[in-house]
Amino acid sequence: MFEIRVICDPADTDDVTKALAAAFTLSDVRRRPTRGRKHVRLYATAEPRTTEAQWPTPEAAYDGAPCIADELDWLNRTAADGPDELDREWYLRNAALSDRIALREPNGGAASDEAEVAEATAVYLLDSDKGSIELRSGCAFPAGHPAAEADPRGYVRQEYALWSVCTCDDSSELPCLKHPSA
């Protein structure tokens, strides 16, 4: 833990505080005027924010997932026959499928075209989720968290693992992500 001191224009205090909160985990922010009262002195108690995440393993995230051919068929049918705008489920399943295909390559497809596609679809889902008002509490690393930004494919695995668990029959107060209309 350490303390950060920033002297800034009073009009900039909110922006400075937001920037500090994005870079560090803050536990306390205090504002004090400077002697000349033209500036504000911010004191923030902070800790480094880690970007090392414990993502679900691919095996755990995709346990019970349809085979690649069936998933590809579902994605194609839904895109062709579905509504004009595809929903989050389609983008999540597409990103997960891309990740699964890349993982079939040696070294998880780290140096392959499949890995580039998997990364691109993961980034698209992550960026889409940042603007969503239906973000779930309880997920370890929500969209916008530095760990999610550092590993978009890990974020896809987390989200797929959360989505694939049906909670229709349990006493959870959270809506079922797999069957939202239930």
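Within region 56-112, how many residues are assigned to a helix (DSSP H, G or I) and either at negative phi or in contact with an Asp or Glu (Cβ under 8 Å, 6 or more places away or on another chain) (or both)?
Initial filter on region 56-112 (assigned to a helix (DSSP H, G or I)): 58-61, 68-81, 88-103, 106-109.
Next, only the ones that are either at negative phi or in contact with an Asp or Glu (Cβ under 8 Å, 6 or more places away or on another chain) (or both) stay: 58-61, 68-81, 88-103, 106.
The number of residues fulfilling the criteria is 35.
Between 105, 116, 47, the distinction of being over 16 Å from the mean Cα position of the chain (by Cα), within 26 Å of residue 146 (Cβ to Cβ), surrounded by fewer than 16 Cβ atoms within 10 Å (Cβ to Cβ) and free of Cβ contacts under 8 Å to residues at least 24 places away in the same chain belongs to 116 only.
Of all residues in region 15-32, those satisfying the criterion of being within 24 Å of the chain's Cα centre (by Cα) and either more than 17 Å from residue 48 (Cβ to Cβ) or part of a strand (DSSP E or B) (or both) are 15, 16, 17, 18, 24, 25, 26, 27.
Bear in mind these aren't lab numbers, they're just calculated from the coordinates by the rules spelled out. Owing to the predicted nature of the structure, the values given are computational and were not obtained by experimental measurement. With ideal geometry, Cβ positions are generated from the backbone for all residues, glycine too; neighbour counts draw on all protein chains shown.
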